[in-house]
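A short write-up of the structure that comes next.
The values are calculated or read from the model by the stated rules, or taken from the named source; none is laboratory data. From a predicted model like this one, the values you see are computed outputs, not experimental measurements. Quick reminder, even Gly has a Cβ in these numbers, built from the backbone with ideal geometry, and neighbours come from all protein chains shown. We work out accessible area using only protein heavy atoms, side chains counted, and drop any ligands, DNA or RNA first. Shrake-Rupley method; radii C 1.70, N 1.55, O 1.52, S 1.80 Å.
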Amino acid sequence: MNPPLLLLLVGIPPMPSSLRVRVWRRLRSLGAVALKRSAYLLPDLPERYEDFQWLAQEIQREGGDATLVRVAQIENMAPDDVRGLFHEPRDQEYRQLAIRYRKLLQSLERKSAAAGAGRRDEVARLSKEHQRIRDIDFFDAPGGAEVRRLEEAIAMRTRRPESARREERPTLDLTKLRGRRWVTRPRPHVDRIASAWLIKRFIDPEAEFVFAPPAEFPKDAIPFDAPGVELSHQGEDCTFETLVRRAHLRDRRLARLAELVHEADLRDGKFLHEEARGIDAASRALLAASPDDHQVLAQGMALFEGLYATTSRKA
C-alpha cells in the first residue's frame, strides 16, 4: 500500500519571475518531490500539511493557482516507486555530505593544533547539514546509513581529551571475561559486526549481545564501539583493532582481518585492500535487508567466520 501523501498542484504566473524561484526554494527546503510538472508530493503529516497550506496561500496572494489534495493511492506506482521519488534527492545530498565527511576524517590523520578550531567548526557545520537532511528524509533513504557511520567515526576521533586519557588506563581484563552481556549501538555496521564476532570467537564464547542508544546502555553490560567507552576507537585504531590488541591475540589471520575492517570502517587509506569495499557493501546490504539487528549481527558474524576461515595463515 502506498504511504498517505499530500499533493500540491501549482500554477505560477510568468511575472514576477522571483515567485517561481521563491516557490522552488521553498519546495526544496520542505523536502517535496515532483510527481509531474507543477505537482509536488509530501507525506501526509500534520506539520507538512500546514507547510503546504502556507505555500499555497503565498502562491495565491501573488496571483497564482494552488490546490492541495490528500492522496490515498497513486495508480500505476508501487509503494517502493513512491518512496524512490523521495529517496533519490536525499541520497544525492547524502552522497555530497559523505564526501565532506571523508575529507574531514582524512584531515584528522594529520593532527595539527592550528587546524583544531577549524575542524571543530567543520564538524559543527556538517552536523547541522546532516540534521537538515534528516529532517526531510521522510522514508529513510539508504544513503543516510553511510553518513551516520562516518559521523560516528569522526565523533570517536574527536572525543574530549579527558575521555581519551581514561581509555589509556584499561581496566577490563579481556582474557578473563566469560558469560557476559555486551552492548553496542543499534544498526551494526562493519566494525561492530566484526567486533562482536571477535568477542564471541576469541574472548567470550558465551557472550550475549544487546543493542541500545549509548545513554541507555545497561549497567551490567560491557559496552563496545561507542564514543567515550573503553573498548572503542583508540588513536588510529578501530574497535576491532583495539579488541585484538587488548586481548593479546597473536594470529596472522586476525591481523589481516583487522586491516580489512579498519579500511572498510574508516576508509582513511591506511590499509589499501580492495576487499574492504566488498565487506562494507555486504554489511550495508545486510542492514538494508533486515530491520532486526540481531539477525543482521548473526548473518554478519557468519560472514566474518567465513573470511577468517579463508584467510591465509601466511597473510
Please verify whether residue 187 is farther than 15 Å from residue 305 by Cα and either touching a Cys at 6+ places or on another chain (Cβ under 7 Å) or assigned to a loop (DSSP other than H, G, I, E, B) (or both), treating the condition exactly as stated. yes
Could you tell me which numbered condition residue 70 fails, if it satisfies all but one of (1) touching a Leu at 6+ places or on another chain (Cβ under 7 Å); (2) surrounded by 12 or more Cβ atoms within 10 Å (Cβ to Cβ)? (2)
From the set of residues in segment 261-279 that are within 20 Å of residue 188 (Cα to Cα) and among the small types (Gly, Ala, Ser), which is surrounded by the fewest Cβ atoms within 10 Å (Cβ to Cβ)? 278
Which of (1) farther than 21 Å from residue 152 by Cβ; (2) in a loop (DSSP other than H, G, I, E, B) is the odd one out, the single condition residue 291 does not satisfy? (1)
Taking segment 195-228 as the search range and keeping residues that are part of a loop (DSSP other than H, G, I, E, B) and touching a residue at least 60 places away in the same chain (Cβ under 8 Å), which one is most open to solvent (accessible area, probe 1.4 Å)? 227
Just give me the residues in segment 49-63 being out of contact with any helix residue (DSSP H, G or I) (no Cβ under 7 Å at 6 or more places or on another chain) and touching a residue at least 40 places away in the same chain (Cβ under 8 Å), in sequence order. 49, 52, 56, 63
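Within segment 16-28, does at least one residue satisfy the condition of being among the small types (Gly, Ala, Ser) and either in contact with a helix residue (DSSP H, G or I) (Cβ under 9 Å, 6 or more places away or on another chain) or within 19 Å of residue 87 (Cα to Cα) (or both)?
Checked against the condition, which is being among the small types (Gly, Ala, Ser) and either in contact with a helix residue (DSSP H, G or I) (Cβ under 9 Å, 6 or more places away or on another chain) or within 19 Å of residue 87 (Cα to Cα) (or both), segment 16-28 yields no hits at all.
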